[in-house]
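Please read the structure below before turning to the comments.
No value in this document is a laboratory result; all are computed from the given coordinates. Bear in mind the structure is a predicted one, so any value in this text is a computation, not a measurement. Cβ sites come from the backbone with ideal geometry, for glycine too, and all protein chains shown count toward neighbours.
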Amino acid sequence: MNPINHVAIIMDGNGRWGLKKKKSRNFGHEKGLLTVEKIIKESLKNKIKYLTLFAFSTENWKRPKYEISFLFSLLEKFLKEKINDLNKNNIKLKIIGKRNFSKRLNKILYISEKKTIENKKLQINLALNYGSKSELVYAFKGLKKKKQRINETNIKKNLETSNIPDPDLLIRTGNTNRLSNFLLWQLAYSEIFFEKKLWPDFNEKDYNKVLKKFKKTKRNFGNI
Ligand code: IPE
Ligand code: IPE
Ligand code: MG
């Protein structure tokens, strides 16, 4: 049985879910947040050490302004309401992605990370304004600046995920089979599960089903 240390998730399908319910895309985002809470709880139960959630990509700025503002207001509300709970549950929050948000949001992110920095049970990596290509470019610039040799160890050291082991598995909900610029380096050997369900419909049972399937997968890493 494979141990599960790190799960990465592309939480996709909120917008379509909202429209399917004859409501707005933003309604779907709001519901999607409930799934986030469920999956965090279930990750704790499964003793998973790292959970990386793709919340906003560098490409998502192309969306209408009102949707973007809504997403960030949801995030702000979530952190304000839940950071103490996360802290009590011994969860550490880490943001990955470029932080060029409003001063207010940057501060909330900073405070949330600082508050939970010593926590040990589960680390949640929240990918915000994250894009793998830009992360890699930045990493290579770092190598050049520090005059470090180009090798796998040094590239890893310069990524935003430098201290985080690579994901064992990636789950993408929303019936879409692509990576959308997420963790291209880190997912090199992850098991990938594409789920048909839209993110707000994804639940603990679905999650456990994937974890169970993962545990039984034969991982070769090039070997036989
Ligand atoms: C959520 O799903 C992902 C975010 C960018 C927050 P989407 O908003 O992409 O939903 P669909 O794929 O359009 O249904
Ligand atoms: C990926 O979903 C980004 C997040 C889940 C945050 P998208 O819905 O933005 O991906 P594409 O544009 O369909 O590839
Ligand atoms: Mg989508």
Ranked Trp199, Trp185, Trp61, Trp17, criterion: other C-beta atoms within 10 Å, fewest first: Trp61, Trp185, Trp17, Trp199
Gyration tensor verdict on segment 85-146 (Cα atoms; rounded if a/c is under 1.5, prolate if a/b is larger than b/c, oblate otherwise): prolate
Lysines whose Cα lies under 22 Å from that of Lys22, excluding same-chain neighbours fewer than 8 positions away: Lys31, Lys65, Lys196, Lys197
Mean-position separation - Cα centroids, segment 118-162 and segment 176-224, in angstrom: 22
Calculated log₁₀ intensity ratio I(q)/I(0) where the Debye formula runs over C-alpha points of the chain, q = 0.11, 0.17, 0.18 Å⁻¹: -0.56, -1.38, -1.54
Max mean-square fluctuation residue, GNM over the chain, Cα-Cα springs under 10 Å, options Ile192, Ile150, Ile108: Ile150
Hydrodynamic radius of segment 116-224 per Kirkwood, over alpha carbon pairs, in Å: 16.2
Calculated log₁₀ intensity ratio I(q)/I(0) where the Debye formula runs over C-alpha points of segment 11-110, q = 0.12, 0.13 Å⁻¹: -0.44, -0.51
Of Gly13, Ser112, Ile164, farthest towards positive along the dipole that unit charges on Lys, Arg, Asp, Glu beta carbons give the chain: Ser112
Per-residue [θ]222 nm for the chain (sum of -39500 (n - 2.57) over DSSP H runs n ≥ 4, rounded to 500): -14500 deg cm²/dmol
Total charge dipole magnitude, the chain, about the Cα centre, Cβ charges on Lys, Arg, Asp, Glu only, Debye to nearest 20: 220
